[in-house]
Amino acid sequence: MGCQRIRRIGVLTSGGDAPGMNAALRGVTRKGIALGYEVVGVEHGFQGLLDGAFRVLSLRAVGGILQRGGTILFSARCEEFRTPEGQARALARLRQESIDALVIIGGNGSFAGALALHQQGFPVVGIPATIDDDVPFTEHAIGFDTAVNTAVWAIDRIRDTATSHERVFVIQVMGRDSGHLAVAVGLAVGAESVVIPEFHEPIEVICERVRRGRARGKKHDLVVIAEGAGDAYHLAQQIKEQTGMETRVTVLGHIQRGGSPTARDRILASRLAAAAVEAIDEGVCGVMVGSGGDGVRLTPLEQVVSERRLVDRDMWELAHVLAI
Ligand code: F6P
């Protein structure tokens, strides 16, 4: 986990953007400068390493971005970086630019890239940022809280019209192949069913909830489905056929990735960013900084990429218990 004498720290954002990435960039830059380092931003994620898209980040360059969604360094998914040739080119660019360590802000895919650099002897530290919240060894990833709040904001409005027309709404949220976002959103909006890839429920169970709810006097149904759990339109069709209720589908999509980060995400981003620079300063590399318990914890990247973050089954069940 050790890293050699560091003077210039590079920082990049990679994968799907997440609200709070800018707050993390500000944190890395300002903490880095406070400790006497020069901080260099790499644009377009790993692609920028290959293209040499570097720019020095001054204190002022990261002013006014704490509250902004997206990432001022842009983000990308880079196929070429997955190849040994791509990684060799990236390492050559880093040496050419005299960058001694790299902070990588992103999700699981980005950490696989980070691990590849670490295994070739380059000092890296990862910061988890993804609305999917599927990174293990951190309580939450940067961006998740904002995405949950955005989805809740949208679904509260859908609920109004669902009630007026006494309809069943199937609402698809993001999450790639995980259901963390769907479960949190489902619990927060009082969804009657939360459909996620991790736990399977037969369609009959979902339809029975709709029937029982109506028998008890409910005027609407909200079914939150994670994008990785199947086709929202097909599910709505099945509910219509089996219950006779009128259904509608809303795919929330990329709205969940944008917007000003919540205070919680800004605080998380600021703390993790500072911890990442401190780790480099103390000579600890090849790790991810995560939030946990009463502070920040460091986990080797090997462990981070080889494990999956599990969905809290109790929380998923609670959503159904409370929506009776
Ligand atoms: O990983 C974040 C995420 O928003 C996923 O939830 C989603 O599956 C994916 O990125 C969408 O990627 P893109 O923006 O490339 O379509």
| Residue tally, condition of a type outside the set (V, I, T), under 20 Å from L318 (Cβ atoms) and without any contact (Cβ under 8 Å) to a residue 60 or more places away in the chain, over the stretch 203-239 | 5
| field | Test for V62: is it away from the ligand (no atom under 16 Å from the Cβ), within 13 Å of V103 (Cα to Cα), touching a residue at least 12 places away in the same chain (Cβ under 8 Å) and open to solvent by less than 50 Å² (accessible area, probe 1.4 Å) | value | no
| For the stretch 233-269, which residues satisfy the criterion of being more than 16 Å from the ligand (Cβ to nearest atom), open to solvent by less than 40 Å² (accessible area, probe 1.4 Å) and within 20 Å of S75 (Cβ to Cβ)? | T262, L268, A269
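When you look at A34, is it small (G, A, S), touching a residue at least 24 places away in the same chain (Cβ under 8 Å) and surrounded by fewer than 17 Cβ atoms within 10 Å (Cβ to Cβ), yes or no? Talk me through it step by step, then tell me what you get.
Details: small (G, A, S): yes; touching a residue at least 24 places away in the same chain (Cβ under 8 Å): no; surrounded by fewer than 17 Cβ atoms within 10 Å (Cβ to Cβ): yes.
Here the answer is no, as A34 does not meet what is asked.
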| query | Does R60 fit the bill of being charged (D, E, K, R), in the same structural domain as Y37 (by TED's automatic domain parsing) and modelled with pLDDT under 95? | reply | no
| task | Filter the stretch 127-159 down to the residues that are in a helix (DSSP H, G or I) and either open to solvent by less than 10 Å² (accessible area, probe 1.4 Å) or acidic (D, E) (or both), then identify the one that is farthest from the ligand (Cβ to nearest atom). | result | D156
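Whether any residue in the stretch 222-232 is farther than 24 Å from T150 by Cα and open to solvent by 60 Å² or more (accessible area, probe 1.4 Å) is what I want to check.
Filtering the stretch 222-232 for residues farther than 24 Å from T150 by Cα gives none.
Scanning the stretch 222-232, I find no residue that is farther than 24 Å from T150 by Cα and open to solvent by 60 Å² or more (accessible area, probe 1.4 Å), so the answer is no.
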| query | Of the residues in the stretch 160-198, how many are away from the ligand (no atom under 12 Å from the Cβ) and either open to solvent by less than 40 Å² (accessible area, probe 1.4 Å) or assigned to a strand (DSSP E or B) (or both)? | reply | 18
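The values are calculated or read from the model by the stated rules, or taken from the named source; none is laboratory data. What you see is a predicted model, and the numbers here were worked out from it, not measured in a lab. Note: ideal-geometry Cβ built from the backbone for every residue, glycine included; neighbour counts use all protein chains shown. Please note that ligands, DNA and RNA were not included when accessible areas were found on the heavy atoms of the full protein model with its side chains. Shrake-Rupley method; radii C 1.70, N 1.55, O 1.52, S 1.80 Å.
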